[in-house]
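Any read-out appearing in this document is the output of simple, stated calculations on the displayed coordinates, not a laboratory observation. It should be emphasised that the depicted structure is a prediction, and the values quoted were computed from it without experimental measurement. In this analysis, Cβ positions are derived from the backbone assuming ideal geometry, glycine residues included, and neighbour counts consider all displayed protein chains.
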Amino acid sequence: MSTGVTLYYVHDPMCSWCWGFAPVLAELESRLPAELPVRRLLGGLAPDTDEPMPEAMRGYIQDAWRQIQRRIPGTEFNFEFWQRCRPRRATYPACRAVIAARRQGAQYDRAMTRAIQLAYYTRALNPSEDETLLGLAAELGLDVARFARDLKAPEVQEALEAEIALARSLDVESFPSLVIETRTGPHPIAVDYRDSSPMLERILKLWETARQRDA
């Protein structure tokens, strides 16, 4: 019998805290029961814009990078990005790239997310630009022509909007977020950037409670 339980991971590929969380997330996922459904949702951090990022925002994000490095030792950031690129406060293109990649195989959801993160944070490339995203699609071995079409397709934008709406319905207000939804509603899981065990314990407890309730 289905328990109606789903674990949601809500993120944005250009969210620097999601980048910092990536190693512990991978550890957590490796420890989850195979029977527990996990769904990744794109939260859409910043909508489309062609305007250059204001200086105040540039400073704010660079300060966040330094804060993450202090809080999560070993997290890599290439600050040359701020000199090499023309930053825009737009993460929707990167989100659509994940959906476009996913349309060529479910495994490309994680692969494109990882590629975007590495491009942004270690290679000083700008994932707000289509040129960068098309290059990453080629590196992943995707059908680049199909990817380019999907990147601009209305149905991909609609899919992104649907994921954003679902994340909001789960009361997600920041990224990264973990939420386990049971028949009693959504239950947030406190994100731990250093240790997967407290999150795993909370998830398993809620999952077991749901299974007992439906037994």
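So that you can scan it fast, the table gives a plain yes or no per residue for (1) on the phi > 0 side of the Ramachandran plot; (2) loosely packed, with under 13 Cβ neighbours inside 10 Å; (3) in contact with a helix residue (DSSP H, G or I) (Cβ under 6 Å, 6 or more places away or on another chain); (4) outside any helix (DSSP H, G or I):
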site	(1), (2), (3), (4)
Ala34	no, yes, no, yes
Ala46	no, no, no, yes
Asp50	no, yes, no, yes
Ala64	no, no, yes, no
Gln67	no, no, no, no
Q | Unmet requirement for Met57, which otherwise passes all of (1) in a strand (DSSP E or B); (2) among the hydrophobic types (A, V, I, L, M, F, W, C); (3) out of contact with any helix residue (DSSP H, G or I) (no Cβ under 9 Å at 6 or more places or on another chain) | A | (1)
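Of all residues in segment 23-32, which are outside any loop (DSSP other than H, G, I, E, B) and in contact (Cβ under 8 Å) with a residue 60 or more places away in the chain?
Val24, Leu25, Glu27, Leu28, Arg31
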Q) Looking only at residues in segment 126-160 that are within 20 Å of Asp50 (Cβ to Cβ) and among the charged types (D, E, K, R), which one is surrounded by the fewest Cβ atoms within 10 Å (Cβ to Cβ)? A) Glu131
Q.
I'd like to know if segment 6-22 contains one or more residues that are part of a helix (DSSP H, G or I), touching a strand residue (DSSP E or B) at 6+ places or on another chain (Cβ under 8 Å), surrounded by 13 or more Cβ atoms within 10 Å (Cβ to Cβ) and of a type in the set (A, V, I, L, M).
A. no
